[in-house]
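Undergrad: Sharing a structure with you now.
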Amino acid sequence: MPAIDGLPPLREVIRAHDLVARKQLGQNFILDLNLTARIARSAGDLAACDVLEVGPGPGGLTRGLLAEGARHVVAVEKDPRCLPALAEIAAACPGRLTVLQGDALALDVTAHLTAPVRIIANLPYNVGTELLIRWLTPDVWPPFWTSLTLMFQREVAERIVAKPRTGHYGRLALLAQWRCDAQIVLTLPPEAFTPAPKVHSAVVHLTALAEPRYPADAGTLMRITAMAFNQRRKMLRSSLKGLAPDIEARLLSVGIAPTARAEEIGLESFCALARNIAGN
Ligand code: SAM
């Protein structure tokens, strides 16, 4: 039973298990173990944490997480072809890796995890945003995780950390920054992956705040931002018309110009409007 650093190179693992990448599963693998170790380190200290990894594939990032000292890694992989390769990693780290086969959108993995939990993943791009939104919108806050360290297409990463009056600013930025600190910690060119995708990628690190940055009812805030950004070029007095009959007065009372557009308005003002709407 080889130790983690005695396992064969990932190219050999992929060849031995015939893991030809499948586009429909978002399979763009990272084969450079220095890079996967860097991603693991960008999540912070793993020693006293459980880690949830979605989409371990042949296990490059999984090895990084274990080598960086994660207490226990729970890895959810949809593609059964990857299981033998992951079993070799589990054998090298007895008791520290649990592999669950299935769809991360369908499995409830919380029973396998002990707090504190960090979520760290090179996500399949087709389900990445949906998973992020689920993790950001649990029924109760704080959530079961303390941080998310996630690979996205660079354009999605920029939408998560965007500030007002920038092209990427929108609902995803508001959702993420309302309850988290969010920053891009690494950007990667297409060649960092095998096969190389068409786009650049970036790792975003989000840390859950103990409480939302400003008070607001989650449902009301989501409804307002959906309406405001669905028609982002329109003035708020018309995009939010259906929200309340006296919307102009409400906007003015929380200090928002009714002629302003959604992309000019910061999180604090959207939360003030949500409180105003929910309060009446
Ligand atoms: N972590 C590996 C790496 O960094 O090289 C693989 C990353 S690859 C971008 C995405 C992985 O997610 C693939 O292994 C794919 O099979 C898996 N995957 C795709 N959809 C999934 C889903 N719904 N649930 C769980 N895993 C999924």
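Computed from the coordinates by the stated procedures, all read-outs in this text should not be read as laboratory data. Predicted model, so just to flag it, every value in this text is computed and none were measured. For neighbour counting, all protein chains shown are included, and Cβ atoms are generated from backbone atoms with ideal geometry for every residue, glycine included.
Undergrad: What number goes with the only condition from (1) away from the ligand (no atom under 13 Å from the Cβ); (2) polar (S, T, N, Q); (3) in contact with a Phe, Trp or Tyr (Cβ under 7 Å, 6 or more places away or on another chain) that residue 153 does not pass?
TA: (1)
Undergrad: Considering only the range 107-126, I want to know if a residue exists there that is within 16 Å of the ligand (Cβ to nearest atom), assigned to a helix (DSSP H, G or I) and within 14 Å of the chain's Cα centre (by Cα).
TA: yes
Undergrad: Which numbered condition trips up residue 56, out of (1) more than 14 Å from the ligand (Cβ to nearest atom); (2) part of a loop (DSSP other than H, G, I, E, B); (3) in contact with a helix residue (DSSP H, G or I) (Cβ under 8 Å, 6 or more places away or on another chain)?
TA: Here residue 56 meets the rest and fails (1).
Undergrad: In the range 208-225, how many residues are surrounded by fewer than 17 Cβ atoms within 10 Å (Cβ to Cβ) and β-branched (Val, Ile, Thr)?
TA: 0
Undergrad: Condition check: over 17 Å from residue 204 (Cβ atoms), surrounded by 18 or more Cβ atoms within 10 Å (Cβ to Cβ), within 13 Å of the ligand (Cβ to nearest atom) and not basic (Lys, Arg). Does residue 61 satisfy that?
TA: no
Undergrad: Those residues that are more than 23 Å from residue 57 (Cβ to Cβ) and either free of Cβ contacts under 8 Å to residues at least 12 places away in the same chain or within 9 Å of the ligand (Cβ to nearest atom) (or both), I need them from the range 127-145; list them, please.
TA: Residues satisfying the conditions are 138, 139, 140.
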